[in-house]
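K.L.:
This is the structure I have questions about; it appears just below.
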Amino acid sequence: MNIAFTEQTLGSLACLIPGATRVFRQYKLDFCCGGNIPLRDAALQRNLDAQTIANELAALSINSTTELDWRNESVAELIEYILERFHERHREQLPELIRLASRVEQVHGNKADCPTGLAEHLWRMQQELESHMLKEEQILFPMLRRNILLSPTQGPIAVMRYEHDQHGAALERLAELTHDITPPANACNTWRALYRGLEELRDDLMQHIHLENNILFVNAAAH
């Protein structure tokens, strides 16, 4: 069974196996924006052993049944979950992260490992994400709630997928600015709190994009 896992896409595995997204984050495999790539190819791109990862996924598929499979839930229920779990959360996260980043840059700007430019980058992420979420809340989600058939390659869904790719690029830039969100050994408490928050933001945003790209948009196009 785990051999077959290597031929499946990251997105389908993330949907199929509870806990798979944690494994993918551990190996830095992009299951949200890059969810249409087979595990074999994604591992090869990062010089990883696909079979080792597949074995971990196989163990999860046997031992873990606690996470909700959103493929079996209604579009309306998934939309409500996305709004409450991610839209509201992102609006809470980013202002505080911007404040912390500004403080770290102000106090530690003379240090070589200071994430210079991080506050500005987070501000841009906030503006882009807010615009994106408003489009979903005001245009796309009402259409999906009314069961309007939408093409996956044009219209609102295509726009949202394109913007998801931009969010993915922003996360890559975030990792570059912060040494993959790794604080230096002598980092102060504010610096460490900032990076814990950044890690949470990255995990949340990747899960957010995964649920939309690999489940919500796929289901919308199929009905």
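None of the figures in this text is laboratory data; all of them are computed from the coordinates on show. These numbers were taken from a predicted model, which means no experiment stands behind them. Don't worry about glycine lacking a Cβ; one is built from the backbone with ideal geometry, like all the others, and counts go over all protein chains shown.
K.L.:
Would you kindly state how much longer the chain becomes between residue 27 and residue 52 on full extension, computed as 0.36 nm times their sequence separation minus their alpha carbon distance, in nm to one decimal? Kindly include the intermediate steps, with their values, before the conclusion.
P.N.:
Working: separation 25, 0.36 × 25 = 9.00 nm, distance 1.09 nm.
Extra length available between residue 27 and residue 52 comes to 7.9 nm.
K.L.:
To test your reading of the geometry: what angle, between 0 and 90 degrees and rounded to tens, separates the Cα axis of helix 118-135 from the longest principal axis of the chain?
P.N.:
30 degrees
K.L.:
So, one more: Rounded if a/c is under 1.5, else prolate if a/b is larger than b/c, else oblate: which is segment 2-63, with a ≥ b ≥ c the root eigenvalues of its Cα gyration tensor? Spell out each step's value before the answer.
P.N.:
Numbers: a/c = 1.44, a/b = 1.21, b/c = 1.19.
Judged from the Cα gyration tensor, segment 2-63 comes out rounded (a/c under 1.5).
K.L.:
By per-residue mean of other Cβ atoms within 10 Å, what is the highest-first order of 119-129, 27-37, 182-192?
P.N.:
Working: 119-129: 17.6, 27-37: 19.4, 182-192: 13.7.
So the peptides 119-129, 27-37, 182-192, ranked by packing, come out 27-37, 119-129, 182-192.
K.L.:
Using 0.36 nm per residue of separation minus the Cα-Cα distance, give me the extension gain between residue 175 and residue 146 in nm, one decimal.
P.N.:
Working: separation 29, 0.36 × 29 = 10.44 nm, distance 3.85 nm.
That works out to 6.6 nm of additional length.
K.L.:
Using the beta-carbon distance between residue 130 and residue 59 and R0 = 30 Å, what value does 1/(1 + (r/R0)^6) give for FRET efficiency, to the nearest 0.05? Working shown, then result.
P.N.:
Values: r = 39 Å, r/R0 = 1.31.
That pair, residue 130 with residue 59, gives E of 0.15.
K.L.:
Report the far tail of the P(r) of segment 71-222, meaning the percent of Cα-Cα pairs longer than 27 Å.
P.N.:
Numbers: 3414 of 11476 pairs.
Above the 27 Å cut-off, segment 71-222 has 30 percent of its Cα pairs.
K.L.:
Computed FRET efficiency, Cβ-Cβ of residue 77 and residue 123, R0 22 Å: what is it to the nearest 0.05? The partial results should precede the final answer.
P.N.:
Working: r = 33 Å, r/R0 = 1.50.
Calculated transfer efficiency: 0.10.
K.L.:
While we're on this one: Multiply the residue separation of residue 154 and residue 88 by 0.36 nm, subtract the distance between their alpha-carbon atoms, and state the gained length in nm to one decimal. Walk me through the intermediate numbers first.
P.N.:
On the way: separation 66, 0.36 × 66 = 23.76 nm, distance 2.73 nm.
Length gained between residue 154 and residue 88: 21.0 nm.
K.L.:
Set Lys and Arg Cβ to +1 and Asp and Glu Cβ to -1, take the dipole of segment 112-185 about its Cα centre, and tell me which of 185, 142, 116 lies farthest positive.
P.N.:
The residue sitting most towards the positive pole is 142.
K.L.:
I've got another one for you. Along the Cα→Cβ direction, 7 angstrom out, place labels at residue 190 and residue 40. What is the inter-label distance in nm?
P.N.:
Rounded to a tenth, the inter-label distance reads 5.1 nm.
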